[in-house]
Amino acid sequence: MRVTMHVDGAETAAEIDRPGESLLSTLRDRLGLTGSKNACEQGECGSCTVLLDGAPVCACLVATAQCEGREVKTVVGAVPRPVRDAFVQCGAVQCGFCTPGLLVSVADLLDREPDPTDPEIREALAGNLCRCTGYEKIIDAVHTAAAALAGEPR
Amino acid sequence: MSSVAAPARFGFHRPAAVDEAVRLLAEHPEAVPVAGGTDLMVAVNYRHTRPEAMLDLTGLAELREWTDEGDSVRIGSGVPYARITAELATVLPGLAAAARTVGSPQIRNRGTLGGNLATASPAGDGHPPLLATGATVEAVSVDGTRTIPIGEFYLGPKRSALKPGELITAVTVPKATGPQQFLKVGTRNAMVIAVCSFALALDLDTRRLGTGIGSAGPVPLTAPDAERLDLPWTDPARFDDALAAEFGRRVAAAARPIDDVRGTAAYRRHALAVCAARALRRVWTAAHERTGR
Ligand SMILES: Cc1cc2nc3c(=O)[nH]c(=O)nc-3n(C[C@H](O)[C@H](O)[C@H](O)COP(=O)(O)OP(=O)(O)OC[C@H]3O[C@@H](n4cnc5c(N)ncnc54)[C@H](O)[C@@H]3O)c2cc1C
Ligand code: FES
Ligand code: FES
């Protein structure tokens, strides 16, 4: 079965061979788009977070065949440069496995709430697990990214 | 992972309307409905189930709407939790509070009340507030539409009154007529399956209490004995901790918990008593601050 969707701005078609194939499998294994990471396949870790029609979701829990005609944005298409730079600058990346999912969640948060409080950040990132950083530097990075985005015309 | 032999033939049905969906389901009984996928896809990814065919409900615009019906709100089964929290907190505070505790933002953007009901896990967070408010479930098949009172919906662990060939199209929830509470016990503030949960609705018009207990029995339960507790309506200041504690005891007595990985039966009863007493204190205080009654 052929599914056509818009991935990071480009019309992309994938041939899938079972109804339950996840968007994460399709992105990674069929389309070679390995930005979204696979760590749990049960919605717990958020490393596969993508924007589906603008909303952050776990790509591992979306059936690819549900995405016909829909817009998917991975870390490649969803994240403004200053958000990525803030993660690097603040030491919010260690092994980096959680980073693509976090960047997508942070991009979505800052889009909705340009100057989030710590509790707002924690709530927005509750579905993204990081085993390395202890989260503090991630929260610093969100504030840094917010300041950077506020300083530049959006 | 997937075999590279002959391309598998399979069905993935994408109906655009409910009547088409139930017709497809009647013609293809093997097709498994999928809404947000937050229960189903976990099972698929872990090979607990391998659907030959699926029926996508996310294309059904009718299921993604809620409507104001005067005394109640009819919520399409496909409205995700994030929208219940964002759009219905004023009229359905108990359900909105429960929706806010589900999983994470990613899960709340996809997961639906219809999926929660169809899964019928005793731990599902949607159930206690639906029980406390006396909601009704609307199920549609090629044979027509049925309305199932929520109290008759849950038949056993992961078993419900939903019949093969039926889709849940909506849940109708009476609007709050007083303060409501939802309390959930877990190890963390996000991403937890409830150890136990409790929903309470205070109806100021009929001076009644509605209760719902989650994750402390084979099915979500109510606590009828606790609902019958005599409250000092004519002299609200007479409400005291002893009354709240008695309410807690009656709620705990209604539970039928087991020991499992998330907690022991004894802990669940204890936690429910604490939650129920707290919930009653909160709704009583809120009601009498707000209305001066
Ligand atoms: C990480 C994670 C955290 C979670 N946390 C919570 C939590 O805190 N609280 C909680 O209650 N749940 C939680 N869940 C479970 C899940 O998110 C909910 O049960 C959700 O409501 C399921 O809805 P869905 O639309 O995703 O269902 P789906 O997965 O699409 O479907 C679930 C089942 O219901 C059937 N179905 C779906 N819609 C209908 C319909 N309209 N008519 C008939 N059958 C239908 C499907 O065939 C399937 O069998 C969590 C899940 C994950 C992965
Ligand atoms: S891989 Fe999807 S949430 Fe972990
Ligand atoms: S940096 Fe290693 S998991 Fe987050």
(message) For the ranges B:194-202, B:264-272, A:89-97, B:32-40, what's the packing order if you count other beta-carbon atoms within 10 Å of each residue, average per peptide, and put the highest first?
(response) B:194-202, B:32-40, B:264-272, A:89-97
(request) Specify the inter-centroid distance of region A:1-78 and region B:167-231, based on alpha-carbon positions, in whole Å. (result) 36
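With charges only on Cβ, +1 for K and R and -1 for D and E, what is the dipole size of the protein assembly as shown about its Cα centre, in debye, rounded to 20?
Magnitude of the dipole: close to 1020 debye.
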(request) Compute from the Cα atoms of chain B the Rg and the Dmax, the latter being the longest Cα-Cα distance, and quote both in angstrom. (result) 20.0, 76
(message) Can you compute the modelled spin-label distance between B:THR145 and A:ALA13, with each label point 7 Å from Cα toward Cβ, in nm?
(response) 4.0
(request) When you have a sec, figure out the Kirkwood radius of region A:60-133 from all distinct Cα pair distances and drop it here in Å to one decimal? (result) 13.5
(request) Express in % the proportion of alpha carbon pairs of region A:2-76 at distances exceeding 14 Å. (result) 52
(request) Just the ratio, please: alpha-carbon radius of gyration of region B:61-174 over 2.2 N^0.38 Å, N its number of residues. (result) 0.97
(message) Checking the cross-link filter: which lysines have an alpha carbon closer than 22 Å to that of B:LYS175, excluding same-chain neighbours under 8 positions apart?
(response) B:LYS184
(request) Please list the radius of gyration and Dmax for chain A, considering alpha-carbon atoms only, with Å as the unit. (result) 15.3, 47
(message) Under a crude label model (7 Å from the Cα following the beta-carbon direction), how far is B:THR234 from A:GLU152 in nanometres?
(response) 7.1
(message) Run the reach check for B:LYS158 against aspartates and glutamates, Cα to Cα strictly under 20 Å, same-chain hits fewer than 8 apart removed. What comes back?
(response) B:GLU30, B:ASP39, B:ASP125, B:GLU138, B:GLU166, B:ASP259, B:ASP260
(message) List the lysines whose Cα sits under 18 Å from the Cα of A:LYS37, skipping any in the same chain fewer than 8 residues away.
(response) A:LYS73
(request) Would you list the P(r) distribution for region B:180-291, with all Cα-Cα distances sorted into 5 Å bins from 0 and each bin expressed as a whole %? (result) 2, 13, 24, 24, 17, 11, 6, 3, 0
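Could you grab the relative contact order for chain B? Cα pairs under 8 Å, six or more apart, rounded to a whole percent.
15
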(request) Write down, largest first, the equivalent ellipsoid semi-axes of the protein assembly as shown in whole Å, where each equals the square root of 5 times an eigenvalue of the alpha-carbon gyration tensor. (result) 38, 28, 19
(request) Apply the Karplus parameterisation 6.51 cos²θ - 1.76 cosθ + 1.60, with θ equal to phi minus 60°, to every residue of region B:60-66 and state each ³J(HN,Hα) to the nearest whole Hz, in sequence, with x for glycine and proline. (result) 8, 4, 4, 7, 9, 10, 10
(request) From other protein chains only, count the Cβ atoms within 10 Å of every residue's Cβ in B:32-40, then give the mean. (result) 4
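Read-outs: derived from the displayed coordinates by stated rules, not from any lab. Predicted model only: the values in this text are computed from it and were never measured. When we count neighbours, we look across all protein chains shown, and the Cβ atoms used for this are built from the backbone with ideal geometry, even at glycine.
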